[in-house]
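Quick notes on the structure that follows.
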Amino acid sequence: SRGRIKLKSVLVVLQFCISIVLIIGTMIMFRQINFMLNKDLGFNKEHVLVIRRASTVGDKLDSFKKELKTIPGVLNVASSTAVPGHNNNNNGYMIKGRPEESYLIQSNWVDYDYPDVYGLKLASGRFFDRALMTDKEACVLNENAVRGFSLEDPFSIRFEMHDDETEEVTLMPVIGVVQDFHFESLRAGISPYILRFQNEDMQWGYVSLKLSPAANAETIARIEGVWGSFTNNDPMQYFFMEDDFERLYREEKQNARLAIVFTILGILLASLGLYGLTPFTIQQRTKEIGVRKTFGASVERLWYLVAKEIITLVAISTAIAWPLVYWVADSWLQNYHYRITLHPGDFLIGFLIAIVIALATITHRTIKTA
């Protein structure tokens, strides 16, 4: 009946609308994940092994680092209280001459080799120098801190840090400005960051090793051997920086895999529904097809006759799906400070995939009938 034909059309539109939303949404999700995993973070995360619980080594930290450097495949070693993705200190500072202002800055106490291990790049000034003992009281800022605190000449100011217990005031001249790097997930923007020198009494945090690309399991075993000799065979806890940053986006990757499953299910349901409804459509037009064929209509022409209706329904589905998926995708991307832009190509590809699936579903039965 006419009512069933309308219901059939509504169901086809609904099924393909859901499928198109899932197809485009999954494509956008994977583009964002790929963007996060491949974006230049401003530091080197490849071939960097990080050992946790540096405090286990105790006052032998310097000797431990020197011993690690003798292992083939270990290019450099650095110690620090924080590493990218694992921040631990958000301290309050003041600037000498600005007593009315205080600043909250992410702090990291590092040694001389930290900038080299992580490949940090200078915007101006310099890093800590072994030849200058005064550098132990100095600090290095990131560009965001210079901009955020309106420091026209950062090398002319001194940061102050007050110890509430001893009422001691530490003055720190700025000797360098490092280019901004992502020390947190790309969900968050880059905030002010300060590098301070890690003195001998600061033995907690991490030990980071820059490995050569040729480093292998034997290299790791020798590192564990050195760790065991300095810690009385305490188990070594470590991770690779590259793997750790991928871990930050584990939730997104799990959601993307789940989206693939739902997309496949959506496509199968839409295809099965259309496959089952195709004979019904053809049955409604059996006389018309017979008359057209009697007057010389080709199989291709008769296929187009049926396909045109399906293409129209998919086009209607697309017109409904596009605004919906744009709103959902744009809202989801707002969770990330650094994100992709939505391209018309994403939406067009979703439409084309739906068309191909629909036509592939009906072609066999339509040609057979024609």
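The values are calculated or read from the model by the stated rules, or taken from the named source; none is laboratory data. Everything quoted here is computed from the prediction, not taken from an experiment. Glycine gets a Cβ as well: all are built from the backbone with ideal geometry, and neighbour counts include every protein chain shown. The area values use the complete protein model at the heavy-atom level, side chains included, leaving out ligands, DNA and RNA. Shrake-Rupley method; radii C 1.70, N 1.55, O 1.52, S 1.80 Å.
Observations on the model:
- Residues that are over 20 Å from residue 13 (Cβ atoms), open to solvent by less than 80 Å² (accessible area, probe 1.4 Å) and either assigned to a helix (DSSP H, G or I) or polar (S, T, N, Q) (or both), drawn from region 292-308: 298, 299, 302, 303
- Whichever residue in region 16-70 is in a helix (DSSP H, G or I), without any contact (Cβ under 8 Å) to a residue 60 or more places away in the chain and polar (S, T, N, Q) and, among such residues, is least open to solvent (accessible area, probe 1.4 Å): 34
- Qualifying position, being open to solvent by less than 50 Å² (accessible area, probe 1.4 Å) and β-branched (Val, Ile, Thr), among 316, 289, 264, 311: 289
- Positions within region 66-81 being in contact with a Leu (Cβ under 9 Å, 6 or more places away or on another chain) and under 17 Å from residue 109 (Cβ atoms), in sequence order: 77, 78, 79, 80
- The set of residues from region 145-158 being surrounded by fewer than 16 Cβ atoms within 10 Å (Cβ to Cβ) and in contact (Cβ under 8 Å) with a residue 40 or more places away in the chain comprises just one member, 148.
- Scanning region 171-201 for residues that are open to solvent by 10 Å² or more (accessible area, probe 1.4 Å), small (Gly, Ala, Ser) and touching a Leu at 6+ places or on another chain (Cβ under 8 Å) yields a single hit, 185.
- Of everything in region 206-216 that is closer than 26 Å to residue 39 by Cβ and not hydrophobic (A, V, I, L, M, F, W, C), the residue that is surrounded by the fewest Cβ atoms within 10 Å (Cβ to Cβ) is 213.
- Residues of region 93-125 satisfying the condition of being open to solvent by 50 Å² or more (accessible area, probe 1.4 Å) and within 23 Å of the chain's Cα centre (by Cα): 121
- Condition check for residue 161: open to solvent by 30 Å² or more (accessible area, probe 1.4 Å), of a type outside the set (S, T, N, Q), at negative phi and modelled with pLDDT under 85: yes
- Lone unmet requirement of (1) open to solvent by less than 70 Å² (accessible area, probe 1.4 Å); (2) touching a strand residue (DSSP E or B) at 6+ places or on another chain (Cβ under 9 Å) for residue 245: (2)
- Criterion applied to 196, 158, 187, 147 was being closer than 30 Å to residue 64 by Cα and basic (Lys, Arg), and the one residue passing it is 196.
- Failed item in (1) under 30 Å from residue 366 (Cβ atoms); (2) surrounded by 13 or more Cβ atoms within 10 Å (Cβ to Cβ), with residue 276 passing the rest: (2)
- Matching residues in region 217-231 - criterion: being within 11 Å of residue 73 (Cβ to Cβ) and open to solvent by less than 40 Å² (accessible area, probe 1.4 Å): 219, 220, 223
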